[in-house]
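Right, one structure below, let's go through it.
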Amino acid sequence: MTASGVIVRWPFTGNQWFPLLALINKCGVPALVDYARRTADRTAVDSAKYFMRGWGELPPKPADGTPVHTSRPQRLGRPTPPPNSSPHDEWMYGT
């Protein structure tokens with residue numbers, strides 16, 4: 001987390017580490033770090049304990065071998081009509 005810019009205390013002792021280790025196994029470190037980074041961007045956080053509730057609500061990591069979905073770039077403005085569009089498609093593209 002430090003490498004992602006989230007610098008927090010880790011005040012866990014004894015058995016308090018077990019829920020965190022379970023979350024690491026369930027969600028994976030990248031998901032926990034991503035959540036912590038997004039949260040720390042919105043509010044001042046000084047302890048990793050602050051993230052525990054939100055981490056607990058994250059979905060489980062996908063099974064090994066699951067294809068990775070890459071998001072498509074977001075389009076801004078009006079959609080561009082395809083090159084073979086007909087005049088009847090004007091209502092769809094606002095041309």
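Each reported figure results from applying straightforward, stated rules to the coordinates on display, with no laboratory input. Since this is a predicted model, take the numbers as computed values, not measurements. Because the Cβ atoms are built from the backbone with ideal geometry, glycine has one as well, and the counts that use them run over all protein chains shown.
Number of residues in the stretch 6-59 that are in contact (Cβ under 8 Å) with a residue 24 or more places away in the chain and loosely packed, with under 11 Cβ neighbours inside 10 Å: the value is 2. Scanning the stretch 11-37 for residues that are of a type outside the set (A, V, I, L, M, F, W, C) and farther than 12 Å from residue 1 by Cβ yields 11, 13, 14, 15, 16, 19, 25, 26, 28.
Looking across the stretch 3-40 at every residue that is assigned to a loop (DSSP other than H, G, I, E, B) and among the hydrophobic types (A, V, I, L, M, F, W, C), the one that is nearest to the chain's Cα centre (by Cα) is identified as 6.
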